[in-house]
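Dumping the structure here so I can ask a few things about it.
The values are calculated or read from the model by the stated rules, or taken from the named source; none is laboratory data. Bear in mind the structure is a predicted one, so any value in this text is a computation, not a measurement. Glycine also receives a Cβ, built like all others from the backbone with ideal geometry; neighbour counts cover every protein chain displayed. All accessible areas refer to the heavy atoms of the entire protein, side chains included, with ligands and DNA or RNA removed. Shrake-Rupley method; radii C 1.70, N 1.55, O 1.52, S 1.80 Å.
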Amino acid sequence: MAKSLSLFFMIISLLSFAPILCLSSNTNYNGYLYPQFYDWSCPNAKDIVKSVVAKAVAREARMAASLLRLHFHDCFVKGCDASLLLDSRGTLISEKISNTNRNSARGFEVIDEIKSALEEECPQTVSCADILALAARDSTVLAGGPSWEVPLGRRDSRDASFSGSNNNIPAPNNTFNTILTKFKLKGLDLVDLVALSGSHTIGNARCTSFRQRLYNQSGNNLPDYTLDQYYAAQLRTMCPKSGGDQNLFFLNYVSPTKFDNSYYQNLLASKGLLNSDQILVTKNQASVELVKLYAENNEIFFQRFAKSMVKLGNISPLTGYRGEIRKNCRNINY
């Protein structure tokens, strides 16, 4: 009888804790992000993300830059919460159609593929926000850049911010002070600004993003004098005064698909493509010194970039009971 009662109370005790054990597998109660977050609830999560990203980059090298940019454009709006991935629905206006993302942000189908694979492996466990963070790291590594441990445990937002996407993300034609202010508002500093700008060592930009530098930089119908004029002449052949808005150009013409420090060397040679790139050496002395340091030492650039990416990924994550784990990254759970 005593043994039966003991067994009965043991079963009751285990059942009382079952909901807690179940929930803890994908709920971040303590609010901290840490790399091992999915080690028990979805141990193959990182390998699945890496595999899908590798296939996507093998199909198209440009995809590495596109996926890296998605993480940046997500975090700068209202934190790293995958709000960028939501499609317009009902009263929700997607960030995808903001000025900074329309006809520019891409790679969403790769995120869909990753999410589908993860849902099959561990249903409603891995957040879309964490997928973006992991994909950004894996893309960087595949392009030849540094690796870093990605803190995990973010949850997904249930809304988007169209206005935040338009106003919070640094734009190619912003002034240096405006860009630095946008970084500081997210808890990032000048070192982070110069290091994260190095992501422009890979990827493309549209003609419309830098046209004013070629023809009318200051409203006086004159080109940007800080842009190497031979380089500018080459750019004009494919970026006319009107038309050709979507024509693509390498952000780093020296090694456009290789993640390295040649981006900074280009800046010192007055061959930064975007105005937001070149002002790193024309508007602030501390910024110039960092550009010189990274141009000379690829290892230091890699170390600083990795640290700044972790800081970027830590911007206002949703944890605990805030947000949700979306089943489909394009829609909130209904």
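Any chance you could count how many residues in the range 220-243 are part of a loop (DSSP other than H, G, I, E, B) and loosely packed, with under 14 Cβ neighbours inside 10 Å?
Pass one, the range 220-243, residues part of a loop (DSSP other than H, G, I, E, B): 220-228, 237-243.
So of that shortlist, the ones also loosely packed, with under 14 Cβ neighbours inside 10 Å come out as 220-222, 225, 237-238, 241-243.
Total satisfying the criteria: 9.
Ok, one more. Looking at the range 144-187, which of its residues are open to solvent by less than 20 Å² (accessible area, probe 1.4 Å) and part of a helix (DSSP H, G or I)?
Result: 164, 165, 176, 179, 183.
Follow-up. Looking only at residues that are more than 24 Å from the chain's Cα centre (by Cα) and among the hydroxyl-bearing types (Ser, Thr, Tyr) in the range 248-299, which one is modelled with the highest pLDDT?
270
Moving on to the next point. Does the range 189-202 contain any residue that is open to solvent by 10 Å² or more (accessible area, probe 1.4 Å), within 24 Å of residue 86 (Cα to Cα), within 19 Å of the chain's Cα centre (by Cα) and not small (Gly, Ala, Ser)?
Looking through the range 189-202, none of the residues is open to solvent by 10 Å² or more (accessible area, probe 1.4 Å), within 24 Å of residue 86 (Cα to Cα), within 19 Å of the chain's Cα centre (by Cα) and not small (Gly, Ala, Ser).
Table: residues versus (1) open to solvent by less than 10 Å² (accessible area, probe 1.4 Å); (2) touching a Gly at 6+ places or on another chain (Cβ under 9 Å); (3) closer than 22 Å to residue 68 by Cα; (4) without any contact (Cβ under 8 Å) to a residue 60 or more places away in the chain.
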position: 249; (1), (2), (3), (4): no, no, yes, yes
position: 261; (1), (2), (3), (4): no, yes, yes, no
position: 269; (1), (2), (3), (4): no, no, no, yes
position: 285; (1), (2), (3), (4): no, no, no, yes
position: 296; (1), (2), (3), (4): no, no, no, yes
position: 305; (1), (2), (3), (4): yes, yes, yes, no
position: 319; (1), (2), (3), (4): no, yes, no, no
position: 324; (1), (2), (3), (4): no, no, no, no
position: 328; (1), (2), (3), (4): no, no, yes, no
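Also: Suppose the filter is in a helix (DSSP H, G or I), closer than 18 Å to residue 70 by Cβ and of a type in the set (A, V, I, L, M, F, W, C); does residue 196 pass it? Before you say what the answer is, go through the steps one by one.
Details: in a helix (DSSP H, G or I): yes; closer than 18 Å to residue 70 by Cβ: yes; of a type in the set (A, V, I, L, M, F, W, C): yes.
Against the criterion (in a helix (DSSP H, G or I), closer than 18 Å to residue 70 by Cβ and of a type in the set (A, V, I, L, M, F, W, C)), residue 196 qualifies.
Could I ask something else about it? So for the range 126-139 (the condition being within 16 Å of the chain's Cα centre (by Cα) and either in a loop (DSSP other than H, G, I, E, B) or of a type in the set (Val, Ile, Thr) (or both)), does at least one residue qualify? Spell out how you get there, then give the answer.
Taking the range 126-139 first, the residues within 16 Å of the chain's Cα centre (by Cα) are 127-139.
Checking the rest, the ones that are also either in a loop (DSSP other than H, G, I, E, B) or of a type in the set (Val, Ile, Thr) (or both) come to 127, 131.
Yes: one or more hits.
Oh, and also: Residue check: is residue 123 open to solvent by 20 Å² or more (accessible area, probe 1.4 Å), modelled with pLDDT of 95 or more and not β-branched (Val, Ile, Thr)? Talk me through it step by step, then tell me what you get.
Numbers: open to solvent by 20 Å² or more (accessible area, probe 1.4 Å): yes; modelled with pLDDT of 95 or more: yes; not β-branched (Val, Ile, Thr): yes.
Yes: the conditions hold for residue 123.
For the range 1-117, which fully contained helices (runs of 4 or more DSSP H) count at least 2 residues that are crowded, with 20+ Cβ neighbours inside 10 Å and modelled with pLDDT of 95 or more?
On the way: elements: 2-23, 45-59, 63-78.
Of the helices (runs of 4 or more DSSP H) lying wholly inside the range 1-117, those with at least 2 residues that are crowded, with 20+ Cβ neighbours inside 10 Å and modelled with pLDDT of 95 or more span 45-59, 63-78.
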